[in-house]
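K.L.:
Below you will find the structure I want to go over with you.
The values are calculated or read from the model by the stated rules, or taken from the named source; none is laboratory data. Nothing here was measured: the structure is a model prediction, and the numbers come from that model. No Cβ is skipped: glycine too gets one built from the backbone with ideal geometry, and neighbour counts run over all protein chains shown. Only protein heavy atoms, including side chains, enter the accessible area calculation; ligands, DNA and RNA are left aside. Shrake-Rupley method; radii C 1.70, N 1.55, O 1.52, S 1.80 Å.
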Amino acid sequence: MNCTGPLARTAEDLALAHKVLFAPDWQQRLYLPIAREQNLSPDLSGYRFGFLTSIIGVQPGKAASKAMKDTRAKLEAAGAEVTDFRLDDQLVRESLTLWIELFGYAMGQTLKMPYRRLLYWQYRKLLKSSACLPSAHALKALKTGLTLNFKSFSRALKRRQELVTEAMRQQQSVDIVVSPTTLGPAFPHNSARHTIEMDGQNIPYVDYCFPFVNFFSLTGQPVVTVPTGTAKTGLPIGLCFSAAHHQDQTLLHLAKLLEDQGFAFHAPNFGND
């Protein structure tokens, strides 16, 4: 639910890391044959891309919006089918709220009650600052998760499956959903989770970082984040390419096709600082 995947500078290295990390012996018989049977398109024209530029009213800033626009133009020039895409607001709100509850279960499972209470107060301020979700719902979800009640956890898993089913239904019209990773470029280290400046406004940390990516964390879909260049600050801007379940090999293949189109790692240039 809160997983950071392998980082690599090339699509080939990413595929190697995936093979090492996610292909134990039992998957050699079950997972890889399925991957080989997938009809991988030799070029970008074989994919249907849906561009998700807004989620529950939250939109990326100017730098990420430009990255989305430029990426769309390159995909269209390569012959890909590209359309606008949206997710139902109610689905997204329920998914993000449930993510918070399941986050509570995951974070609290090895902690005694006093430490779980401390964790609640640590995240309470962050959740109350968010403009994406009603804070009352978010705080209730976190508190429920931190209780570690088995019945509540079981109901949460059942609800998650229902939301995943609906999410898959809504994505049937496309092969790949393209969305911002964050609302803007990468930012300097921010362990205190202060607000982040974007286009002259201070954006709450949770709103800047999580709305788009946490939805796909809740659904459990595979996602590859692709570099699309850098902002004026010299910091990179990434976009997420998400596919249906068990389409990891499709995404790794797509990453190579995108790399061939110029979506490659470039070391940031910070000048003489």
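K.L.:
Which whole-number percentage describes the relative contact order of segment 110-216, with Cα contacts under 8 Å and a sequence gap of 6 or more?
P.N.:
Taking the mean separation of contacting Cα pairs over the length of segment 110-216, I get 28 percent.
K.L.:
Continuing with the same structure: Might you tell me the accessible area per residue for the chain, computed with a 1.4 Å probe and given in Å²?
P.N.:
Computed with neighbouring chains in place, this is 57 Å² per residue.
K.L.:
I've got another one for you. Take the Cβ-Cβ distance between Asp199 and Ser135 as r, set R0 to 25 Å, and report the resulting FRET efficiency rounded to the nearest 0.05. Could you put the intermediate results ahead of the total?
P.N.:
Working: r = 24 Å, r/R0 = 0.96.
That gives a FRET efficiency of 0.55.
K.L.:
Over the chain, how many pairs of lysines fall under 14 Å by alpha carbon, counting only those 8 or more apart in sequence or from different chains?
P.N.:
The number of close lysine pairs in the chain is 7.
K.L.:
Over the chain, with every protein chain in place, what whole percent of the accessible area is carbon and sulfur at 1.4 Å, could you tell me? Present the calculation step by step, with values, prior to reporting the outcome.
P.N.:
Numbers: 8400 of 15520 Å².
The computed percentage sits at 54.
K.L.:
Same structure again: Could you give each residue of segment 259-265 its phi-based ³J(HN,Hα) in whole Hz, using Karplus coefficients 6.51, -1.76, 1.60 with θ = phi - 60°, and x for Gly or Pro?
P.N.:
Taking θ as phi minus 60°, the curve returns 4, 5, 8, x, 7, 10, 5 Hz for segment 259-265.
K.L.:
For every helix of n ≥ 4 consecutive DSSP H residues, a contribution of -39,500 (n - 2.57) applies; sum these over the chain, divide by its total residues, and give [θ] at 222 nm rounded to the nearest 500 deg cm²/dmol. Spell out each step's value before the answer.
P.N.:
Working: 10 runs with 138 residues, N = 273.
-16000 deg cm²/dmol, from helical runs alone.
K.L.:
Using θ = phi - 60° and the Karplus form 6.51 cos²θ - 1.76 cosθ + 1.60, what ³J(HN,Hα) does each residue of segment 89-102 get, whole Hz, x for Gly and Pro?
P.N.:
Couplings: 4, 5, 4, 5, 4, 5, 5, 5, 5, 5, 4, 4, 4, 5 Hz.
K.L.:
Packing-wise, with mean Cβ within 10 Å as the measure, how do 133-144, 201-212 rank, highest first?
P.N.:
Going by the mean number of other Cβ atoms within 10 Å, highest first, we get 201-212, 133-144.
K.L.:
Starting from the Kirkwood Rh over alpha-carbon pairs, what translational D in µm² s⁻¹ does the chain have by Stokes-Einstein at 37 °C and 0.692 mPa s?
P.N.:
Answer from the Stokes-Einstein relation: 165 µm²/s.
K.L.:
For Met198, which sequence-distant residues (separation of 5 or more, or a different chain) have an amide H within less than 5 Å of its own amide H, given hydrogens modelled in the peptide plane?
P.N.:
Ile203
K.L.:
Considering Cα pairs under 8 angstrom that are at least six residues apart, work out the relative contact order of the chain and quote it in whole percent. Don't skip to the end; give the middle numbers.
P.N.:
Details: 392 pairs, mean separation 66.0, N = 273.
In percent, rounded to a whole number, it is 24.
K.L.:
For an R0 of 51 angstrom, estimate the FRET efficiency from the Cβ-Cβ distance between Asn269 and Lys151 and round to the nearest 0.05.
P.N.:
With R0 = 51 Å, the Cβ-Cβ based efficiency is 0.40.
K.L.:
Return the distance in nm (one decimal) between the two label points of a simple spin-label model at Leu118 and Gln161, each offset 7 Å from Cα along Cα→Cβ.
P.N.:
3.7 nm
K.L.:
Further question on the same structure: Which FRET efficiency value, to the nearest 0.05, is calculated for Leu16 and Ser41 with the Förster distance at 25 angstrom and r the Cβ-Cβ distance?
P.N.:
Values: r = 22 Å, r/R0 = 0.87.
With R0 = 25 Å, the Cβ-Cβ based efficiency is 0.70.
K.L.:
Right, next: May I ask you to give the average projected area over all directions of the convex hull of the Cα atoms of segment 145-206, in nm² rounded to one decimal?
P.N.:
The directionally averaged projection comes out at 7.2 nm².
K.L.:
Based on DSSP, what percent of beta bridges with both residues in the chain are antiparallel, to the nearest 5?
P.N.:
The antiparallel proportion sits near 65 percent.
K.L.:
Next question, about the same structure. Taking the Cα centre of the chain as the origin, how large is its charge dipole in debye, to the nearest 20, when only Lys and Arg (+1) and Asp and Glu (-1) carry charge on their Cβ atoms?
P.N.:
Once rounded to the nearest 20, the dipole reads 1360 debye.
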